[in-house]
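Beneath this line is the structure, given in C-alpha cells, with notes to follow.
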Number of protein chains: 2
Amino acid sequence: MVANLDTQTWLTDGDKNIAFSIRHQGKRLFQQQSPYQLVEVFESYAYGRVLTVDGLVMCTEADEHAYHEMIVHVPMLAHRQVRKVLVIGGGDGGTVREILRHPKVESVTLVEIDAVVIEASRQYLPTLSSTLNHEKLNLLIGDGIEYIQQASDETFDLIIVDSSDPIGPAQGLFNKDFFLQVKRCLRPNGLMTAQSESPWFHSESLTDLTHCLRSIFEGDRVHPYLVFIPTYPTGMWSFIYAAKGDIHPWQNLDRAQAQAFAERESLQYYNADVHLAAFSLPTFVRKLLSA
Amino acid sequence: MVANLDTQTWLTDGDKNIAFSIRHQGKRLFQQQSPYQLVEVFESYAYGRVLTVDGLVMCTEADEHAYHEMIVHVPMLAHRQVRKVLVIGGGDGGTVREILRHPKVESVTLVEIDAVVIEASRQYLPTLSSTLNHEKLNLLIGDGIEYIQQASDETFDLIIVDSSDPIGPAQGLFNKDFFLQVKRCLRPNGLMTAQSESPWFHSESLTDLTHCLRSIFEGDRVHPYLVFIPTYPTGMWSFIYAAKGDIHPWQNLDRAQAQAFAERESLQYYNADVHLAAFSLPTFVRKLLSA
C-alpha cells in the first residue's frame, strides 16, 4: 500500500506495486465494525458515495451500474425464463435491483453474511438498496456456504455469486466444494455468474476459478467475460458465466428482446451489443485462461 | 494530485479527485528536460519500464501492446491495402513497430516533435523502439501540425494521431484545423485513427473530438472504440476511427485474414473478435457521444 497517502481524504485500493485512489470529503457518512469487517460509506468527489469494507472499494454510485447490470442481465437475457434466483453476497442491493427489473422473476433469495453492509446501504446508498424491501425478496443474513449446503437440489434458475475479493469472509466462495453445491442447486437449465477479479490484478483468482468451473460444469459451458469498472484496480474486471444445461451465453440471446429490455429499463452500461462483445477476450486473457 | 504520495518511488497520474499510481525502483534510468517536457524512464515493479513526460505515464512495457496494436491493426485490417502511412507523435516507436508487421506497407513517415522521447525509447525501451531504424521508416523531428499543413493532397492511406494528452505540446492535435488537414492528405479511401482519452476522464476530449470528426468526415464514417489500458486513468481508453471513403471498420473486415495475421504475428491484445467487440460501446458512452 501507499504508506503515506493521506488516508483522511483518500481511499486507496491496490497492492504494494500499484494503487488506485479516490478522494473523498473527509468525513465518514457511516462507519461500523461488524463481526467480519469494517464497513464505511464515504462521499467522494468523482464517483458519488463509496461503500468500502476494510478500506477497499466495494462499489460507488457512479460506476456500480457496470458491475450490477453485467453480472445480472447477461445470464438473465441468455436464459430468458428465469423464475427463481439466489444471490450469495451482494448486500448492497444492486444485484437484487437489477434482477427485479425482469417481471418473470417470482422470487429472489439474498444471502448476505454481514448485516452491517445491508444497513449501510439502506441508510446511505438508496439507489442501490431501493428494492431490499421488495415483496419478491427473501433476505437472509447468514453464511452463503452453509445456506447452499442445505438448499434443495435443482431449486434455482440462476445463482449469482456477488462476492468481495477472495480474502476475508469471501474466501470460501472461490473453491470447488462451494461451486459443486451451486451446480447441484441449479435447475437442469440453470445458469450461474460470479465476479472473478481482474486479469491484471489477482489474476490467479480468475484462472483458478475458470479451471475450477471447467472441472465442474462442462468445459464449453464456462465463459469468462469482461467489463470496464474504473473504480476497481486496473479497470478491467471479469465475470464468469457457467451453464448446467446447454444455454449458450450469446447464441441463445434474442438480441432484439435484449435491446428492447435495456432501453425500456434505461440501463446505463448493458446493451445487446455489449452483451456479445464482453465475451471477446483480448489474446493475453485467452492465453491466461488456456494455460 | 495526491500531494503527499512519495514521489521518490511512486508515479502518479490523475487529477485532484482520482489517482493511479505505479511503484518504481527509485532511480531514473533516463531523465532529460527537452524544450517541450521532462522525459523520464523508470523501472516499475508491476509493469516493466515506464516512459513518462512531465511525470505522466505515456506507456509501459507490460501493457503498451493494447494501445499500439489497437490504434494500428484496426484501421490496417479494415483497409487491407495500406501502402503509405503517416504517424503524428508516437516517438516511442510502438506504433511504427506494429505498422511494419504488415508487409504491404511501403513507407511510414513518423513526425515526432520531441527528439528526447525518441532518444529515451532507443536507449531504454528496446521492445518499443525496435524498428526505429527500419529502411521503410522516414523519421522526422518536427511539428506534426506544420508537417501536415505542407504535405501534399491525397498522399497517405492511413494517418495515425498517436498523441499525448491534449495539454502541452499535443494541444494542437485536438482541433478542427488539424483534422481538416488530415482529411485532405488522405487518399480517397484513406483512414485515420487517433487516441481520444477516456470516457471517464477527460471525457470532453472524447466528445469534442467525436463531434469535430463528424463535422469533417461524414457522420457515419466516424467510429469511436474502446480498449482496456490498465496504466491509464480509469483503465477505459478510447480511439476514434474515421474514413474518408466508405471503408467500414468492421463490415469491411476479413475476419479470417485478420485472425491469421494476429496469430502469425503473436499479437498480445488484438484478435478478430476483439476488433469487432471494441466498437460495441456501453450505453453511457453512446449517450455521451450522441449528446
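The values are calculated or read from the model by the stated rules, or taken from the named source; none is laboratory data. All values derive from a computational prediction rather than experimental measurement. Because the Cβ atoms are built from the backbone with ideal geometry, glycine has one as well, and the counts that use them run over all protein chains shown.
Checking each residue in segment A:138-148 for being assigned to a helix (DSSP H, G or I) and surrounded by 14 or more Cβ atoms within 10 Å (Cβ to Cβ) picks out A:GLY144, A:ILE145, A:TYR147, A:ILE148. Counting only residues that are within 20 Å of the chain's Cα centre (by Cα) and among the β-branched types (Val, Ile, Thr), segment B:235-291 holds 3 of them. With a requirement of 3 or more residues that are of a type outside the set (Val, Ile, Thr) and more than 18 Å from the chain's Cα centre (by Cα), the strands (runs of 3 or more DSSP E) lying completely within segment A:1-108 that satisfy it span A:10-14, A:18-33, A:38-44. Only helices (runs of 4 or more DSSP H) whose full extent lies in segment B:187-291 are considered here, and the ones with at least 3 residues that are surrounded by fewer than 23 Cβ atoms within 10 Å (Cβ to Cβ) and at the interface with chain A (Cβ under 9 Å from one of its Cβ atoms) are B:272-277, B:283-290.
In segment A:16-32, what residues are free of Cβ contacts under 8 Å to residues at least 60 places away in the same chain and on the phi < 0 side of the Ramachandran plot?
Correct list: A:LYS16, A:ASN17, A:ALA19, A:SER21, A:ARG23, A:HIS24, A:GLN25, A:LYS27, A:ARG28, A:GLN31.
Of all residues in segment B:154-171, at least one satisfies being surrounded by 21 or more Cβ atoms within 10 Å (Cβ to Cβ), at pLDDT 95 or above and in contact with a Phe, Trp or Tyr (Cβ under 9 Å, 6 or more places away or on another chain). Restricting attention to segment A:42-85 and to residues that are in contact with a helix residue (DSSP H, G or I) (Cβ under 8 Å, 6 or more places away or on another chain) and charged (D, E, K, R), the residue that is nearest to A:LEU100 (Cα to Cα) turns out to be A:GLU69. Here A:ALA78 meets the list (1) farther than 28 Å from A:ILE141 by Cα; (2) within 12 Å of chain B (Cβ to nearest Cβ); (3) buried (at least 22 other Cβ atoms within 10 Å of the Cβ) almost entirely, failing just condition (2). In the condition set (1) crowded, with 20+ Cβ neighbours inside 10 Å; (2) outside any loop (DSSP other than H, G, I, E, B), A:LEU128 is compliant with all but (2).
Of all residues in segment B:50-64, those satisfying the criterion of being within 14 Å of chain A (Cβ to nearest Cβ), at pLDDT 95 or above and buried (at least 22 other Cβ atoms within 10 Å of the Cβ) are B:VAL50, B:THR60, B:ASP63, B:GLU64. Tell me, please, whether a residue that is within 9 Å of chain A (Cβ to nearest Cβ) and surrounded by 17 or more Cβ atoms within 10 Å (Cβ to Cβ) can be found in segment B:25-43. Within segment B:25-43 (the criterion being within 9 Å of chain A (Cβ to nearest Cβ) and surrounded by 17 or more Cβ atoms within 10 Å (Cβ to Cβ)), the answer is no, since none of the residues qualifies.
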